[in-house]
Amino acid sequence: MGHKVLIVDDSRLARATVRKYLVQAGLEVAGEAGNGREAIELFSQLSPDLVTLDITMPEMDGLTAFREIRKRAPDAAVILVTSLDQKFIAEEVANDPRGGFIPKPFSSFDLLKAVRRVLGEESTDSSTEA
Amino acid sequence: MASWNPELNEEQTDSLREVGNIGAGHAASELAELIGRKCVVSIPELFCTDAAGISQFVQTPDAIVVALHMNMLGDIPAEMLVLTRLPHAQRMLDYMSPTSAPKAERNLEAFQLALRQLGEVLTQSFADAISQFLGTSARYAFADASCPGNPDAIATLLGSSGDGARVSYLAIQADFFDIDKTFEGKLVYLLNAKAQKMILEKIDQILG
């Protein structure tokens, strides 16, 4: 895929899992952040093609960070990755073609399917579906 | 309170906290579905404790609490507690059944039965999510509910599953609450040394 990604999660384990799946699929991890505030700073610095964003984080939660990123970059591709598998999270991105949502725990297939959708690459072949 | 030092490094602490986050997030999501409200969780914290020390999770020692206890069987044996205050438990049941929720002061037996069902939903969804994440199997045996009771009853609940009162645990604890904060409670996942080791080994396998 060759896109630059910003991974945001307060858990190193969660970041490592996302990183592993994305790197295997050929994406480049441009940066990682442990809370929403750092995410916004790094988003401005790195201009990533894609952000994966946890919700429950210290300092600034992922939903607040998502809305802030949306204000700055309405077309940024952002996937909410959270253990809160609830309607109000899904609704946040329901009508957003560049927004996605996958509940934790997730498989490589789940993540890459969401990545392709928000990047507008749904027709890409399935060879990366580990 | 802390009689066993699990000697976790930063990476292991982070991994166990994420396990708690996944379990608690799913438990809150099942509750949200059940009561029709948005529910969230706090960032999990880890404590080394014994059964008597767990009563300290309930911040005011004289509060009337509801404690629900479940033994988790299967690949990773563990115990789980749901702790909340009596009025908060009543509120959750009222949200579940606005017109027919049993009231603690009128029919304690029906109230306790409804609470047990609520506890099963929370603990089973927690265990299922962790099992899915770790690739393990989970079975449950809902042990007991203490309601209304006092914090000391928690130690009795844990003791009821065997030698629990004397066992030391690593407790992974997360708060759950609706976003309007009309109720709150605590999910406490209790691991002995063997269970903790098994989870960390599974995580190593996941990361390859």
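Values in this text are rule-based calculations from the coordinates and carry no lab data. Here the structure is a predicted model, which is why all the values come from computation and not from measurement. Methodologically, a virtual Cβ is constructed for each residue, glycine included, from the backbone with ideal geometry; neighbour enumeration extends over all protein chains shown.
Can you name every residue in the range A:46-59 that is touching a helix residue (DSSP H, G or I) at 6+ places or on another chain (Cβ under 7 Å) and within 25 Å of A:GLU28 (Cβ to Cβ)?
Once the filter is applied, which keeps residues that are touching a helix residue (DSSP H, G or I) at 6+ places or on another chain (Cβ under 7 Å) and within 25 Å of A:GLU28 (Cβ to Cβ), the range A:46-59 yields A:LEU50, A:VAL51, A:THR52, A:LEU53, A:ASP54, A:ILE55, A:MET57.
Could you identify the single residue in A:ARG67, A:ARG19 that is surrounded by fewer than 23 Cβ atoms within 10 Å (Cβ to Cβ), under 14 Å from the mean Cα position of the chain (by Cα) and under 23 Å from B:ASP180 (Cα atoms)?
A:ARG67
Which one is nearest to B:ASP14 (Cα to Cα) among residues in the range A:13-53 that are within 14 Å of chain B (Cβ to nearest Cβ) and charged (D, E, K, R)?
A:ARG15
Just a yes or no: is a residue in the range A:37-47 closer than 26 Å to B:GLU33 by Cα and either in a helix (DSSP H, G or I) or charged (D, E, K, R) (or both)?
no
Among A:ASP110, A:ASP10, A:ASP85, which is within 14 Å of another protein chain (Cβ to nearest Cβ), more than 14 Å from the chain's Cα centre (by Cα) and under 23 Å from B:LEU134 (Cβ atoms)?
Step by step, each of A:ASP110, A:ASP10, A:ASP85 is checked, and only A:ASP85 is within 14 Å of another protein chain (Cβ to nearest Cβ), more than 14 Å from the chain's Cα centre (by Cα) and under 23 Å from B:LEU134 (Cβ atoms).
Answer yes if at least one residue in the range A:53-67 is small (Gly, Ala, Ser), in a strand (DSSP E or B) and within 30 Å of B:ILE35 (Cβ to Cβ), and no otherwise.
Checked the range A:53-67: no residue is small (Gly, Ala, Ser), in a strand (DSSP E or B) and within 30 Å of B:ILE35 (Cβ to Cβ).
Just checking, which of A:ILE89, A:ILE79, A:ILE40 is β-branched (Val, Ile, Thr) and farther than 26 Å from B:ILE206 by Cβ?
Just a single option satisfies the conditions, and that option is A:ILE40.
Tell me which residues, restricted to the range B:31-55, are at the interface with another protein chain (Cβ under 9 Å from one of its Cβ atoms) and within 13 Å of A:PHE88 (Cα to Cα).
Matches in the range B:31-55: B:ALA32, B:GLU33, B:LYS38, B:CYS39, B:VAL40.
Results for (1) more than 14 Å from chain A (Cβ to nearest Cβ); (2) small (Gly, Ala, Ser); (3) buried (at least 21 other Cβ atoms within 10 Å of the Cβ); (4) closer than 28 Å to B:LEU16 by Cβ, shown as yes or no for each residue.
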site: B:MET72; (1), (2), (3), (4): yes, no, yes, yes
site: B:LEU81; (1), (2), (3), (4): yes, no, yes, yes
site: B:THR84; (1), (2), (3), (4): yes, no, yes, yes
site: B:ASP94; (1), (2), (3), (4): yes, no, no, no
site: B:ALA127; (1), (2), (3), (4): no, yes, yes, yes
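Determine, yes or no, whether A:LEU50 is under 25 Å from B:ILE206 (Cβ atoms), in contact (Cβ under 8 Å) with a residue 60 or more places away in the chain and surrounded by 23 or more Cβ atoms within 10 Å (Cβ to Cβ).
Yes, satisfied.
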